[in-house]
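The values are calculated or read from the model by the stated rules, or taken from the named source; none is laboratory data. All figures in this text were calculated on a predicted structure; none of them were measured in a lab. Note that each Cβ is placed from the backbone with ideal geometry, even for glycine, and that neighbours are counted across all protein chains shown.
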Ligand SMILES: NC(=O)c1ccc[n+]([C@@H]2O[C@H](COP(=O)([O-])OP(=O)(O)OC[C@H]3O[C@@H](n4cnc5c(N)ncnc54)[C@H](O)[C@@H]3O)[C@@H](O)[C@H]2O)c1
């Protein structure tokens, strides 16, 4: 009998790639998804990119009935359902907290009930790089600085990099899992909540649980007309409408863009490897770039000569640099990211061909500005 995986948020971007990979590996795949209009459009149809063999239960993670129905016959749970968007979470606070926090708690209650009759082999939860806030830094004297922060006074003067007590710029270094979290948005706090809830309840009830802290995931199927999450999808949507990507600060902020197939493989490995149980692991490409470099590479790959527009603005809660140390995922999971940014962008651009992207960036920018969430 094939083992069954339930993917919550199973109609979403990352989930669709996980489903395809798991089907290839002969798992049966179920999905629970409420087809959120921000991602799937107002007609809320199941997305055409979702493999037809996926058994979709349309329902909300906050509905105990829908969750119990979805959990029937399930061996593994991959919990990806979430509201996703840093800026938007700063004004849709109740909804982000409700879906991500309470939704996870209700899923766990249902899993604990079901586990009394038949245990689960694994729970894997999608956590996020956002929980770190600023990444790890090194001071000029070699000392590691895990608690770098930027204050609004320095940001108003366009001093973008975190500095030490003497005003010296700190050097960003790969962030290990041991760096204490410093949540700087409601989204980040809700992701940390999800991660901790799953690891804590998993431990208490013997549900082997793994949390994966995804960095900036990109690739085909990412919602193109959602201006609240997915920086490369947002840039693509601008470029496809002959407009420049808008980049906050000076564009030199460093991120790790990880191709979605590598993330799907990390999820598959997390279902199997006992060495990962109880851990929260960074999942990135291991090769950071600046946001400006990523925007330029995307424009080149699309074959358009549009330079990004550097706004010099800063969003409340944004971090300067954060990119992962992925050694622990390598050791515990055997995780080896395979797709370079150049190769991943080529795949993304092939998928973009012939697609329509509605550019809603101005709307999202105005929503932040009107609330005083940009400096
Ligand atoms: N994309 C990234 O760069 C990234 C980075 C870090 C973490 N993550 C995490 O990975 C997971 C998947 O992200 P994604 O980028 O694929 O997002 P996505 O928005 O494409 O997928 C999320 C899915 O969850 C569904 N959903 C939302 N609310 C729901 C609810 N109440 N009940 C049931 N389903 C609901 C949506 O309809 C959507 O299909 C999320 O947990 C996200 O926080 C993503």
### Query
Can you find even one residue in the range 58-73 that is more than 9 Å from the ligand (Cβ to nearest atom), assigned to a loop (DSSP other than H, G, I, E, B) and surrounded by 16 or more Cβ atoms within 10 Å (Cβ to Cβ)?
no
### Task
Quick one: residue 107 ticks every box in (1) farther than 22 Å from residue 210 by Cα; (2) more than 18 Å from the chain's Cα centre (by Cα); (3) surrounded by 15 or more Cβ atoms within 10 Å (Cβ to Cβ) except a single one, so which number is it?
(1)
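It is to be established whether one or more residues within the range 200-208 are at pLDDT 95 or above, buried (at least 18 other Cβ atoms within 10 Å of the Cβ) and within 15 Å of the ligand (Cβ to nearest atom). Write out each step before concluding.
Let us first name the residues in the range 200-208 that are at pLDDT 95 or above, namely 200-208.
From the residues that got through so far, the ones that are buried (at least 18 other Cβ atoms within 10 Å of the Cβ) too are 201-202, 207-208.
Going one step further and asking which of them are within 15 Å of the ligand (Cβ to nearest atom), we end up with none.
Checked the range 200-208: no residue is at pLDDT 95 or above, buried (at least 18 other Cβ atoms within 10 Å of the Cβ) and within 15 Å of the ligand (Cβ to nearest atom).
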### Summary
Counting only residues that are surrounded by fewer than 19 Cβ atoms within 10 Å (Cβ to Cβ) and closer than 23 Å to residue 263 by Cα, the range 75-100 contains a total of 1
#### Entry: Residues being closer than 14 Å to residue 70 by Cα and crowded, with 19+ Cβ neighbours inside 10 Å - total across the range 12-46
6
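In this structure, does residue 129 turn out to be within 9 Å of the ligand (Cβ to nearest atom), buried (at least 17 other Cβ atoms within 10 Å of the Cβ) and under 30 Å from residue 165 (Cβ atoms)? Give the steps one after another, and end with the answer.
Details: within 9 Å of the ligand (Cβ to nearest atom): yes; buried (at least 17 other Cβ atoms within 10 Å of the Cβ): yes; under 30 Å from residue 165 (Cβ atoms): yes.
Yes.
Specify which of the listed residues (123, 144) is more than 10 Å from the ligand (Cβ to nearest atom), surrounded by 22 or more Cβ atoms within 10 Å (Cβ to Cβ) and in contact (Cβ under 8 Å) with a residue 24 or more places away in the chain. Break it down into steps so the answer makes sense when it comes.
Numbers: 144 fails: surrounded by 22 or more Cβ atoms within 10 Å (Cβ to Cβ).
Checking each option against the conditions leaves just 123.
Pick from 223, 188: which is within 21 Å of residue 36 (Cα to Cα) and touching a strand residue (DSSP E or B) at 6+ places or on another chain (Cβ under 8 Å)?
Values: 223 fails: touching a strand residue (DSSP E or B) at 6+ places or on another chain (Cβ under 8 Å).
When all the criteria are applied, what remains is 188.
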### Task
Only residues that are in contact (Cβ under 8 Å) with a residue 12 or more places away in the chain, within 9 Å of the ligand (Cβ to nearest atom) and assigned to a helix (DSSP H, G or I): list them for the range 19-53, please.
38, 39, 40
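For residues that are in a helix (DSSP H, G or I), within 23 Å of residue 90 (Cβ to Cβ) and touching a residue at least 60 places away in the same chain (Cβ under 8 Å), tally how many sit in the range 333-375. Full working, then the answer.
Step one: filter the range 333-375 for residues in a helix (DSSP H, G or I), giving 333, 341-352, 361-369.
Right, trim to within 23 Å of residue 90 (Cβ to Cβ) and you get 361-369.
If we keep only those that are touching a residue at least 60 places away in the same chain (Cβ under 8 Å) as well, we get 361, 363-365, 367-368.
The total comes to 6.
Here is a check on your reading of the model: is residue 106 within 11 Å of the ligand (Cβ to nearest atom), over 30 Å from residue 360 (Cα atoms), touching a helix residue (DSSP H, G or I) at 6+ places or on another chain (Cβ under 7 Å) and in a helix (DSSP H, G or I)?
Numbers: within 11 Å of the ligand (Cβ to nearest atom): yes; over 30 Å from residue 360 (Cα atoms): yes; touching a helix residue (DSSP H, G or I) at 6+ places or on another chain (Cβ under 7 Å): yes; in a helix (DSSP H, G or I): yes.
It is true that residue 106 is within 11 Å of the ligand (Cβ to nearest atom), over 30 Å from residue 360 (Cα atoms), touching a helix residue (DSSP H, G or I) at 6+ places or on another chain (Cβ under 7 Å) and in a helix (DSSP H, G or I).
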### Query
Among 307, 328, 363, which is the only one that is touching a strand residue (DSSP E or B) at 6+ places or on another chain (Cβ under 9 Å) and surrounded by fewer than 21 Cβ atoms within 10 Å (Cβ to Cβ)?
328
### Task
Would you mind telling me which numbered condition in (1) within 26 Å of residue 196 (Cα to Cα); (2) within 13 Å of the ligand (Cβ to nearest atom) residue 224 fails?
(1)
### Task
For residue 254, work out the one condition from (1) away from the ligand (no atom under 16 Å from the Cβ); (2) more than 24 Å from residue 12 (Cα to Cα); (3) surrounded by fewer than 20 Cβ atoms within 10 Å (Cβ to Cβ) it doesn't fulfil.
(1)
